[in-house]
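Quick notes on the structure that follows.
No lab work stands behind these numbers, since they all come straight from the coordinates. The structure presented is a predicted model; accordingly, all values stated were derived computationally and were not measured. With ideal geometry, Cβ positions are generated from the backbone for all residues, glycine too; neighbour counts draw on all protein chains shown.
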Amino acid sequence: MSDPVSAIDPAGQLGFWPDGGRVVSAGVCLARGIQKGWDRYIGKGDAYGDERTHCYANCFYNRCSGLSSERSILGLGLLAEAVDLYAGDAPSSSIRDVYSNVYGLVHSYDLRFSCEEICDRSEACREF
């Protein structure tokens with residue numbers, strides 16, 4: 001049984017943790033977005049592959065999550081770039097990655113275009 005003191009299930013009547021499914025779903029969305037971006041851009045030797053993969057992963061994740069996960073994906077992206085900086089990556093690389101993350105996220109709301117079209121035409125990859 002779930003924890004009776006839980007804010008989600010104060011009476012302890014649910015036999016599962018409702019947010020557990022959301023966490024698994026978010027992990028699947030993120031992993032799938034990264035893999036598809038990697039295959040499309042880095043795997044094909046795209047000169048801007050890293051930035052476009054960031055763009056694609058953020059676009060895909062937000063759409064896969066029902067266009068409602070902008071804070072979580074932005075926070076995760078910033079945390080990942082902070083870790084990269086700590087590990088010795090060049091600051092300019094992390095800035096491009098963050099910019100590409102935001103570009104993919106913001107443009108994910110324009111449903112006229114696929115994430116591929118958004119990130120293929122991304123000026124975010126060429127502005128730095």
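Worth a mention:
- Region 32-128: trypsin sites (Lys or Arg not before Pro) falling in loop per DSSP and having at most 16 other Cβ within 10 Å: Lys44, Arg112, Arg121, Arg126
- Gain upon complete extension [Ala90, Glu116; 0.36 nm per residue less C-alpha separation]: 6.7 nm
- P(r) histogram, all alpha-carbon pairs of region 21-96 included - 5 Å bins from 0, percent: 3, 17, 23, 24, 21, 10, 3, 0
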